[in-house]
1. Do we find a residue being assigned to a loop (DSSP other than H, G, I, E, B), surrounded by 10 or more Cβ atoms within 10 Å (Cβ to Cβ) and in contact (Cβ under 8 Å) with a residue 40 or more places away in the chain anywhere in segment 37-56?
2. From the residues in segment 2-25 that are among the hydrophobic types (A, V, I, L, M, F, W, C) and within 12 Å of Gly44 (Cβ to Cβ), which one is least open to solvent (accessible area, probe 1.4 Å)?
Amino acid sequence: MTGSATGGMAAYLWRQGLVREAAYTVEQGHIMGRPGLVEVEVEGEGDTPTTVRIAGTAVTVLRGTITV
């Protein structure tokens, strides 16, 4: 999972009422042999997420250029 996917997942879990805490840590990458942690913080009004923050360390694994 990437940090971007973690943000989307956090909004979904909040909307569905599947998380009880506004701030938590997500573990990812164990199966790929690249374990990591993502800190998540969600703010919302009722079941509507209004702000999702993610934080953690990142490693560039690929660089490229696309010419259109």
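1. Of all residues in segment 37-56, those assigned to a loop (DSSP other than H, G, I, E, B) come to 46-47, 56.
Imposing the further condition that a residue be surrounded by 10 or more Cβ atoms within 10 Å (Cβ to Cβ) reduces the set to 56.
Then keep just the ones that are in contact (Cβ under 8 Å) with a residue 40 or more places away in the chain; that gives 56.
The answer is yes, given that some residue of segment 37-56 is assigned to a loop (DSSP other than H, G, I, E, B), surrounded by 10 or more Cβ atoms within 10 Å (Cβ to Cβ) and in contact (Cβ under 8 Å) with a residue 40 or more places away in the chain.
2. Initially, segment 2-25 is screened for residues among the hydrophobic types (A, V, I, L, M, F, W, C), giving 5, 9-11, 13-14, 18-19, 22-23.
Applying the additional criterion that residues be within 12 Å of Gly44 (Cβ to Cβ) yields 10-11, 13-14, 19, 22.
Values: Ala10: 0, Ala11: 27, Leu13: 38, Trp14: 53, Val19: 36, Ala22: 46 Å².
Ranking the qualifying residues of segment 2-25, first place goes to Ala10.
The values are calculated or read from the model by the stated rules, or taken from the named source; none is laboratory data. The shown structure was predicted, so the numbers you read here are calculated from the model rather than taken from an experiment. Don't worry about glycine lacking a Cβ; one is built from the backbone with ideal geometry, like all the others, and counts go over all protein chains shown. Just so you know, the surface numbers come from the protein's heavy atoms only, side chains and all, with ligands and any DNA or RNA stripped out. Shrake-Rupley method; radii C 1.70, N 1.55, O 1.52, S 1.80 Å.
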